[in-house]
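A.B. asks: Once you've had a glance at the structure underneath, I'll fire off some questions.
Read-outs throughout are calculated quantities, based only on the coordinates presented, and are distinct from any laboratory measurement. Because the structure is a prediction, the values reported are computed rather than measured. Counting neighbours? That spans all protein chains shown, and the Cβs are built from the backbone with ideal geometry, glycine included.
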Amino acid sequence: MNQRSFSQFSLGVCDYPEHVDEIDWAEHARQQRKLGLTWVRLAEFAWAKIEPSEGTFEWSWLDKAIDVYAKEGLSIVLGTPTATPPAWLISKYPDILPIDENGQVKKFGSRRHYDHASEVYRQECRRIVTLMANRYATHPAVKGWQTDNELGHEGTTVSYGGASEKRFPQWLEHKYGSLEALNQAWGNAFWSQDYSAWEQIKAPNLTAVRQANPSHRLDYQRFCSDMIVEFQQLQIDILRDVCPEHFITHNCVIFSAECDLYKLTKPLDFVSWDSYPIGMLEFFADWESEDVKTEYARTGHPDLVSLNHDIYRGLCDQRSFWVMEQQCGHANWAQYNPIPAQGAVKLWSAQAWAHGASGVIYFRFRASHYAQEIMHSGLLHQNGQPDRGYQEVQSFDPGIFPTNTQNSRVAVLHDYDSLWSYNHQPHNQDLSYWYQFVMFYGALRELGVSVDIIHPTQLKNKRYDLVVSPALTLLTPESAKSVLDVAPYTTLIFGPRTDFRDQYGKAAKRGQFEQLAPIIGGKLINFDSLRPTLQQDVQEEDDSNCSFTASLWCESYDVDSAKVLYSYRQGPLHGQAAVIQYKQTITIGALSKGLIKTIIKEQCEQLSIKIEEMPDGVRVTDCGSHELVVNFNQQRSSWKGMALLPVDYKLIPKVEH
Ligand code: GAL
């Protein structure tokens, strides 16, 4: 694999010359250079502009635009335009369109309207990507490619019919070999679901009663995720062949949940993602309270933004990544889309660097005066006048940020099989994988700890002192082995539901912790899903004054070799263990942020991992030679006697600190 990373922190912008008059191009490129931008991303939705009808090509506008940016010294990332198959192509091959959960065909008229498994569409993509790659392979300003755009986003990973549904039985046959094995793996004895021919197996939607078999759903999700990986690989193969000097990346999305990003991003040179901190809190974080949403309405929440950065850095083994779309004004797609606070664009850019980004590309240069994103801002207003983000970028100097050499001692484990299994059967309408994950991650960040977020199988790449595993409910044998391998020399903290399911999504036959039994020292007795009006007190065994209130989820354990650290003080689990410890492994069964934070804090202290209680909205990130302190509050704050301005950051060399 052609691995690259960039040591110098640089900035750029997403631009759409095809949306503005040609007469404006030169001025836009000149403004971009004067802003200190060095990258521009182009053409990721431009298929119909390049090929307005089948076999008729209009390259001249893109040739000219590229030359205009090149003249100003900008380097170019081209998007393969496959997220938007043109109308003529859909008319010719309507079967390309995906099918929604209600069995309806999704129509042309927006974007991402294709089934990743469609062979016809894949062939069309090969054709356009080959033509585009050949045309720009040797242009000196073109340096890299973005495949498609936000693969799987906006609910487009899964198509419940068409090419996907047709291909699914083959995928299953390849995986299981026989129908007996599949029936066994899915537990099809239940409700007489056994299959006697591969073609009988369909997509898991519109089943007669509301829930399909969770193992069926899990495999369909895995299959659709694999289809995206295959779909992208076809493009990567062409680009590698035709443009061997160019880098290849892909722009993933906020809290991406539908596609296995560890698989999707593996063949890339580096990973990118699209950061919209305000929408991230408003639209994606449905677990956050109205108070939190109000407090951070104009900045986004620092932990939600950094969590995504840490995930994307982890996907490329801690090498640097890019933010391919950085919010730089109000967006248009959340329930509410406030203007960012003064300073937020600079703050987000600096925070991205602190968490490992080597490139921040703002979305977008000039606001569109037509179509779906009329209400979205850019660095320039629709009339071409600079908007607030423009002024901020103008005064942001990426040159002050040194090479980031962060090296965390703490890992947080993340995995898509667990995410899917958890969310298919949350057993409590207020719970989700991300809710539980954020509880543990947030506790670490509130304690000033910088972390790596990795897949369990990446544990073999680097030695960590503390490994926190918030919600690994499904462990494949490979993941379980990786965890067991590091257990003798690592402190491990597990959250509720850990190791509850086998690789097929079934509950483990011998009970929870079937695979991790040697390091847990106990077994599940029961789990209790609490409505929001119910709570359970949890008390420390050695100190009756120390107690916490758990909500939404409590599970209790029977110990053999483990020691009970906390137990329940009321309700059906009264007297049973809520937190247990065996050697250096702690298992937490009760959802209480205070409890989780206390346990993490004690373990960090024991391991001499530096912790410091951070004020609300203030966070510190270890960047190797420096620390970056960010203040996401719209009021002044202070940290260690240092004054922090509202919505601002400070880069602090470690020696002076
Ligand atoms: C992203 C997408 C962009 C644009 C942007 C608006 O998800 O990649 O094309 O739609 O959102 O915020």
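A.B. asks: Of Leu281, Leu607, how do they rank once you tally other Cβ atoms within 10 Å and put the fewest first?
C.D. replies: Result, fewest neighbours first: Leu607, Leu281.
A.B. asks: Under a Cβ-only charge scheme (Lys and Arg +1, Asp and Glu -1), can you give me the dipole magnitude of the range 410-606 about the Cα centre, in debye to the nearest 20?
C.D. replies: So the dipole magnitude of the range 410-606 works out to roughly 340 debye.
A.B. asks: Related question: Given H placed on each backbone N at 1.01 Å, which residues far from Glu627 in sequence or on other chains put an amide H within less than 5 Å of it?
C.D. replies: Ile652, Lys654
A.B. asks: I want the local charge near Thr80. Using Cβ-Cβ distances under 9 Å, sum +1 for each Lys or Arg and -1 for each Asp or Glu among the other residues.
C.D. replies: -2
A.B. asks: What nm distance separates the two modelled labels at Arg319 and Asp542, each placed 7 Å from Cα along Cα→Cβ?
C.D. replies: 4.5
A.B. asks: Would you mind computing the Rg to Rh ratio of the range 505-657 from its alpha-carbon coordinates, Kirkwood style for Rh?
C.D. replies: A ratio of 1.10.
A.B. asks: If you don't mind, there's one more thing I want to ask. Can you give me the long-range amide H partners of Gln146? Hydrogens built in the peptide plane at 1.01 Å from N, cutoff under 5 Å, separation of 5 or more residues or another chain.
C.D. replies: For Gln146, the qualifying residues are Leu78, Gly79, Thr80, Thr249.
A.B. asks: Follow-up. In the chain, if the dipole is taken from +1 on Lys/Arg beta carbons and -1 on Asp/Glu beta carbons about the Cα centre, which of Asn545, Leu565, Gln31 is farthest to the positive end?
C.D. replies: Gln31
A.B. asks: By the gyration tensor of its Cα atoms, with a ≥ b ≥ c the square roots of the eigenvalues, what is the shape of the range 210-276: rounded for a/c under 1.5, prolate for a/b over b/c, or oblate?
C.D. replies: Here the range 210-276 falls in the oblate category.
A.B. asks: May I pose another question? More than 31 angstrom separation, counting every C-alpha pair in the range 410-606; what % is that?
C.D. replies: Working: 1607 of 19306 pairs.
Distances greater than 31 Å cover 8 percent of the Cα pairs.
A.B. asks: Limiting things to C-alpha atoms, what are the Rg and the maximum Cα-Cα separation (Dmax) for the range 287-432, in angstroms?
C.D. replies: Looking at the range 287-432, its Cα Rg and Dmax stand at 17.5, 51 Å.
A.B. asks: Using θ = phi - 60° and the Karplus curve 6.51 cos²θ - 1.76 cosθ + 1.60, what whole-Hz ³J(HN,Hα) does each residue of the range 89-106 get, with Gly and Pro shown as x?
C.D. replies: Once rounded to whole Hz, the list reads 6, 5, 5, 6, 10, x, 5, 5, 5, x, 10, 7, 5, 8, x, 8, 6, 7.
A.B. asks: Further question on the same structure: In square nanometres, what is one fourth of the surface area of the convex hull spanned by the alpha carbons of the range 587-657?
C.D. replies: Details: hull surface 24.3 nm².
Convex hull of Cα atoms, orientation-averaged projection: 6.1 nm².
A.B. asks: Mind pulling up the Rg/Rh value for the range 315-401? Radius of gyration and Kirkwood radius, both on Cα.
C.D. replies: That ratio equals 1.00.
A.B. asks: Test of understanding: what is the full-extension gain from Ser110 to Ser192, defined as 0.36 nm times their sequence separation minus their Cα-Cα distance?
C.D. replies: Here the answer is 25.4 nm.
A.B. asks: Spelling out what I want: for every residue of the range 7-21, take phi, set θ = phi - 60°, compute 6.51 cos²θ - 1.76 cosθ + 1.60 (Karplus), and round to whole Hz; glycine and proline get x.
C.D. replies: 7, 8, 7, 9, 10, x, 8, 8, 10, 10, x, 5, 9, 10, 6
A.B. asks: Quote the convex hull volume per residue of the range 199-311, based on C-alpha atoms, as a whole number of Å³.
C.D. replies: 143
A.B. asks: Hey, another quick one. How big is Rg to Rh over the range 103-157, alpha-carbon atoms, Rh as the Kirkwood inverse-mean-distance radius?
C.D. replies: 1.05
A.B. asks: Then there's this: Quick one: length gained pulling Ala334 to Asn134 fully straight, 0.36 nm per residue minus the C-alpha distance?
C.D. replies: Taking Ala334 through Asn134 to full extension adds about 68.1 nm, to one decimal.
A.B. asks: Moving on. When Lys and Arg each count +1 and Asp and Glu each count -1, what net charge do the other residues less than 13 Å away from Lys601, Cβ to Cβ, add up to?
C.D. replies: Numbers: positive: Arg445, Lys593, Lys597, Lys610; negative: Glu446, Glu602, Glu605, Glu612, Glu613.
Summing Lys and Arg as +1 and Asp and Glu as -1 gives -1.
A.B. asks: For Thr585, list long-range residues whose amide hydrogen, built 1.01 Å from N in the peptide plane, is under 5 Å from its own amide hydrogen.
C.D. replies: For Thr585, the qualifying residues are Leu492.
A.B. asks: Just to be sure I understand: if I project the alpha-carbon convex hull of the range 452-516 onto a plane and average over all orientations, what area do I get in nm²?
C.D. replies: 4.1
A.B. asks: Quantify how much of the Cα-Cα distance distribution of the chain extends past 46 Å, in percent.
C.D. replies: Within the chain, distances greater than 46 Å cover 19 percent of Cα pairs.
A.B. asks: If you don't mind, another one. Could you work out the helix-only [θ] at 222 nm for the chain, with each DSSP H run of four or more residues adding -39,500 (n - 2.57) and the total divided by the number of residues, to the nearest 500 deg cm²/dmol?
C.D. replies: Working: 18 runs with 196 residues, N = 657.
For the chain, the value works out to -9000 deg cm²/dmol.
A.B. asks: Something else about it: Which value results when the Cα radius of gyration for the range 531-618 is divided by 2.2 N^0.38 Å?
C.D. replies: After normalising by residue count via 2.2 N^0.38 Å, the value is 1.14.
A.B. asks: OK, next. Quick one: Karplus J couplings for the range 500-515, per residue in order, coefficients 6.51, -1.76, 1.60, θ = phi - 60°, nearest Hz, x for Gly and Pro?
C.D. replies: Those phi angles translate into 8, 10, 8, 5, 8, x, 7, 5, 4, 4, 8, x, 4, 6, 4, 8 Hz.
A.B. asks: Once R0 is set to 56 Å, what does the formula 1/(1 + (r/R0)^6) return for the Cβ-Cβ distance between Arg33 and Lys266, expressed as a FRET efficiency to the nearest 0.05?
C.D. replies: On the way: r = 35 Å, r/R0 = 0.62.
Calculated value: 0.95.
A.B. asks: Go through 620-630, 204-214 and give me the packing order, highest mean Cβ count within 10 Å leading.
C.D. replies: Descending packing order for the listed peptides: 620-630, 204-214.
A.B. asks: Here is a follow-up. Quickly work out the His369-to-Asp241 label distance, labels modelled 7 Å from Cα along the C-beta direction, and quote it in nm with one decimal.
C.D. replies: 4.4
A.B. asks: Run the quick spin-label model on Gln429 and Asn407: label points 7 Å from Cα toward the beta carbon, then report their separation in nm to one decimal.
C.D. replies: Here the modelled spin labels are 5.0 nm apart.
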